[in-house]
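A quick write-up on the structure given underneath.
Derivation of every value follows stated rules applied to the coordinates shown; laboratory data play no part. Treat the numbers as computed from the prediction; the structure is a model and nothing was measured.
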Amino acid sequence: MHQDPDSIKELIEKSEAYIKSSIELIRLKAIDQIAEIASSLVSKIVVILFIAMFFFTFNIGVSLWLGAILGKNYLGFLIISGVYIFFGILFYIFREGWIKTPLSNSIITQALK
């Protein structure tokens, strides 16, 4: 069986073009996924910063209010600090189920879209 050298050359050229196109497609999909994850992360960080600023100023107000009720401003700040340490310990104990696992699942879900 004799094959035409031009047809083999054409087949090789088409194969090269297909491989280059496949690599480019994979690269573009990876860039899309990275952009999606990054934009999602940045938007969540911005929202968290605004919420943190709200809670920071709110806690100062509550501390001052409690201090006024108790007669000493530092007592209000001590009570709010105690609440923070309580929640900090609670989050530390349950960090796997509340933070690490859901965050890992979210990142994996975003990456596999």
For the chain, with a Gaussian network of springs between Cα atoms less than 10 Å apart, report the residue from Ala38, Ala17, Ala52 with the top mean-square fluctuation. Ala17
Jot down the radius of gyration and Dmax of the stretch 5-111, Cα atoms only, both in angstrom. 27.2, 97
Find how many whole Å separate the alpha carbon centroid of the stretch 34-113 from the alpha carbon centroid of the stretch 14-30. 44 Å
In the chain, helical segments from DSSP H whose Cα atoms cover 27 Å or more along their own axis and that average at least -1.0 on the Kyte-Doolittle scale are 5-70, 73-93
With n ≥ 4 as the cut-off for DSSP H runs, can you work out [θ] at 222 nm for the chain, using -39500 (n - 2.57) per run divided by the number of residues, rounded to the nearest 500? -31500 deg cm²/dmol
How high is the relative contact order of the stretch 36-112, in percent, counting Cα pairs under 8 Å that sit 6 or more residues apart? 26 percent
